[in-house]
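The block underneath contains the structure these notes are about, expressed in structure tokens.
The values are calculated or read from the model by the stated rules, or taken from the named source; none is laboratory data. Only a predicted model underlies this, so the values are computations on that prediction, with no experimental measurement involved. When we count neighbours, we look across all protein chains shown, and the Cβ atoms used for this are built from the backbone with ideal geometry, even at glycine. SASA here: full protein model, heavy atoms, side chains in, ligands and nucleic acids out. Shrake-Rupley method; radii C 1.70, N 1.55, O 1.52, S 1.80 Å.
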Amino acid sequence: MGAQSVTILGSTGSIGKSTLDVIQQHPNLYSVFAITANSQIELLLQQIQIHNPRYAVMASPDCAEQLRMETQKLGLDTEILGGVDGLSVVASHTDVELVMAAIVGAAGLLPTLAAAKAGKKVLLANKEALVMTGQLFMDAVRDNGAELLPIDSEHNAVFQCIHGSRSDSLFDLGISKITLTASGGPFRQTPIEQLSEVTPEMACAHPNWSMGQKISVDSASMLNKGLELIEACWLFSASPDQVEAVLHPQSIVHALVSYVDGSVLAHLGNPDMRVPIAAAMSWPQRTSSGVKPLDLVEVARLDFYQPDLQRFPCLRLSMEAMKAGGIATVVLNAVNEVAVEAFLQRKIRFTDIPVLLEEMLGKSVNRPLNDIAMVLEQDQLARLSALEWIKDQSRSQRAGL
Ligand code: NAD
Ligand code: MG
């Protein structure tokens, strides 16, 4: 069998780079068909030179034009596409087998969905896409014969513990509960009264994982774990009361699956995303990932705690949105994306993130999601309200109110 061709949506990000690293270790198994980025021209150009893909796409048309000039100067034959439509073109192209969905946030939704609709093997890192669309996304996967392989370390861990089994209900698999672990991020022990003063740099300094800025802030607020509980419900047909999160500061156990007979299967590994990436890419076979073997004697201890919902209100709010379903999870995701961006730009405080979320979730009238157009519309409405709130907030701060 020849090498499988891979499109990497978001190749310049943390997951994208780790994916290219795994591919480079196995040139006989994988070849790079397309890589994409938002606006990082230089890095994408470097990746083109190393991996020689058939296509490279930049979401920003201006950046695509610049990149096209650079590649022509260097005599490279990679075809450059520009604009968001180009992302869906390379995600659904007939010559692609695997699509790594590693764009951050709602921007990844349409190309990831295009891959599912084209019946690809979809390696899903972009959890926001699934949180926003839920059943609509799962239907697209099923109706088009696509295969969905989780990349999020916790979900990949569950997937491995259940050997990739699928069922419409967890109980049919004899499973009573899925437990996702969370490190607790950089503020697990910070005195609560100091959280209003933390900076973006402090929030992005994750103790165990090296990740993009948005997911780092989400990990610090534990909204990330909230998104992951919602993601787990859709991926594994679990109900909200069958999924839970526990704090595990060492990030060695990634998930646990409890069976009705009292057996609990856990997945362990060093905290390096190349482990789930290599596992998903080669599934059901196994290949090396380049990650050093786990030494439990060196780790020495594995601790587990109940998360404190006072400290992590974003986790509580996500669990409420998960139970509500429908529009609530779209609002949760959209408002959080806007809030995290505003926090990174120092327009709001870290502790404003849950305040904004609670207000926006409280305001929205929940309804079931009919179609993707409705998801996109609700996403936009929620973003506009959140931006308005932030503008008012900074206006009153400037006025010293
Ligand atoms: P990142 O910020 O490092 O990279 C994001 C990538 O998306 C970049 O290639 C960027 O160019 C691209 N991108 C950003 N905005 C875009 C837009 N508007 N249009 C097109 N492309 C755009 O993020 P990351 O840490 O690699 O995370 C990617 C996804 O994987 C997220 O959904 C995250 O939740 C998930 N994930 C990441 C990790 C991790 O360890 N980093 C772990 C689990 C899940
Ligand atoms: Mg995760």
Quick calc, the stretch 49-150, dipole around Cα centre from Cβ unit charges on Lys, Arg (+) and Asp, Glu (-), nearest 20 debye, gives 180 debye
Here FRET efficiency (C-beta to C-beta, Leu294 to Asp143, R₀ 56 Å, nearest 0.05) is 0.90
Here the residues of the stretch 164-193 lying in the modelled label zone of Gln310, meaning backbone nitrogen under 16 Å from a point 7 Å along Cα-to-Cβ, are 188-193
Rg/Rh over Cα atoms for the stretch 188-242, Kirkwood Rh, comes to 1.08
Per residue, accessible area of the chain with a 1.4 Å probe, heavy atoms of protein chains only, in Å², comes to 43 Å²
Taking protein heavy atoms only, a 1.4 Å probe, and rounding to whole percent, the accessible area of the stretch 194-293 owed to carbon and sulfur comes out at 55 percent
Two pseudo-spin positions, 7 Å from Cα along C-beta at Gln213 and at Ile372, lie apart in nanometres by 2.9 nm
A student applying the Cα gyration tensor rule (rounded when a/c is under 1.5; otherwise prolate if a/b is larger than b/c, oblate if not) would label the chain rounded
The relative contact order of the chain, taking Cα pairs under 8 Å that sit 6 or more residues apart, comes to a percentage of 14 percent
The farthest towards the positive end of the charge dipole of the stretch 322-379, of the residues Val330, Pro354, Asn370, given +1 on Cβ of Lys and Arg and -1 on Cβ of Asp and Glu, is Pro354
Output for the stretch 74-217 (equivalent-ellipsoid semi-axes, sqrt of 5λ from the C-alpha gyration tensor, Å, descending) is 31, 25, 13
Sorted largest first, the Cα spans of the stretch 1-136 on the principal axes come out in Å as 46, 37, 26
For the stretch 200-340, whose charge dipole is built from +1 on Lys and Arg Cβ atoms and -1 on Asp and Glu Cβ atoms, the candidate among Met222, Pro293, Ala266 with its Cα farthest towards the positive end is Pro293
In the structure shown, of Lys73/Lys121; Lys121/Lys177; Lys292/Lys323; Lys177/Lys347, the pairs separated by more than 30 angstrom at the C-alpha atoms are Lys73/Lys121; Lys292/Lys323; Lys177/Lys347
Quick calc, the chain, dipole around Cα centre from Cβ unit charges on Lys, Arg (+) and Asp, Glu (-), nearest 20 debye, gives 260 debye
